[in-house]
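To start, the structure under review is shown below, and the notes come after it.
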Amino acid sequence: MLHSAIKVAMNKQVKLATLSAVLLLSTTSCVSTTATQNSANIATANTADYCHSQGLEATYKNQNTQQRAMSCMLAEIQHYQQKDKTPQQQYLAYKAQAWLNYTIHKDSMNSRSLTGTEAALSAEAILQALKKGSENDIMLIQDIPASSALMRPDLWANLSALKDSGAIINAPRELAFSEVALIWAANEQCAKNSRQAGTHFRMADRWLEQAHEAFVNAHDDKTNVAIEALIVRYFEQYASLDSTNDHCTGQVLPPLDRI
């Protein structure tokens, strides 16, 4: 398959770390009570409401204010991940969870980087949209933020093609986790943390393999041939945008009709 050929050509051998698997797989993640006061500052007036509205103050009483807010946000996000929600709601809820996991990891590492704060703000923006019922206003294919870059164009091509083909119906969690993993990986690469970058690229690859398999199993041969061709088209576009110098300044992802 063309998709497989691209993956073989672009694949980089990396080591999978257990910690990252736990962070991205967990749907009930908790913030470490030993983390420092360097927690991301989720700077809106709504953060105080997350625990109060759910009666979780006592559950997370040993955490600082921002850790408590993130824990309660994770608990609330689970409501939108249930099977009775739309694929768009599930996808965005899983994406918000992945962003919070990113923030929690940065906090646990005592990171002074602003990326943890940005990730927390991204998660909160998604949660607020879900609460307001305005999730359909969020574009499915979004540009890569300034703290990251387009690396592994083969994986980004797979992600965009799957989204374009409606795969969030088949794999909302896998697409959400793979997207944040790709952003996370590039950020680590730009910070010269090659081992961590490799871990998250491998995680993204695994999630995308699962999403691709779920899509293929749910569609006929004609549709599956079409998505392989779409992956190649996206790859051809993204390959020229690949940040080969490991420099993170973000990346606009132009639609295919601009080629």
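The values are calculated or read from the model by the stated rules, or taken from the named source; none is laboratory data. Predicted model only: the values in this text are computed from it and were never measured. All Cβ positions, even for glycine, are placed from backbone atoms using ideal geometry, and neighbour counts span all protein chains on display. Only protein heavy atoms, including side chains, enter the accessible area calculation; ligands, DNA and RNA are left aside. Shrake-Rupley method; radii C 1.70, N 1.55, O 1.52, S 1.80 Å.
Only residues that are open to solvent by 60 Å² or more (accessible area, probe 1.4 Å) and either assigned to a loop (DSSP other than H, G, I, E, B) or touching a Gly at 6+ places or on another chain (Cβ under 6 Å) (or both): list them for the stretch 234-258, please.
Matches in the stretch 234-258: Ser240, Thr244, Asn245, His247, Thr249, Val252.
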Among the residues listed as Gln89, Gln78, the single one being open to solvent by 10 Å² or more (accessible area, probe 1.4 Å) and touching an Asp or Glu at 6+ places or on another chain (Cβ under 6 Å): Gln89
Contacts under 7 angstrom Cβ, first residue in the stretch 235-257 being farther than 25 Å from Thr115 by Cα and modelled with pLDDT of 95 or more, partner outside any helix (DSSP H, G or I) and among the hydroxyl-bearing types (Ser, Thr, Tyr), 6 or more apart: none
Qualifying positions in the stretch 113-123 - at pLDDT below 90 and open to solvent by less than 60 Å² (accessible area, probe 1.4 Å): Ser113, Thr115, Gly116, Thr117, Ala119, Ala120
Residues satisfying the stated conditions in the stretch 108-129, i.e. within 16 Å of Met70 (Cα to Cα) and either of a type in the set (Gly, Ala, Ser) or touching a helix residue (DSSP H, G or I) at 6+ places or on another chain (Cβ under 6 Å) (or both): Ser108, Thr115, Gly116, Ala119, Ala120, Ser122, Ala123, Ala125, Ile126, Leu127
Breaking point among (1) out of contact with any His (no Cβ under 7 Å at 6 or more places or on another chain); (2) touching a residue at least 40 places away in the same chain (Cβ under 8 Å), for Ala181: (1)
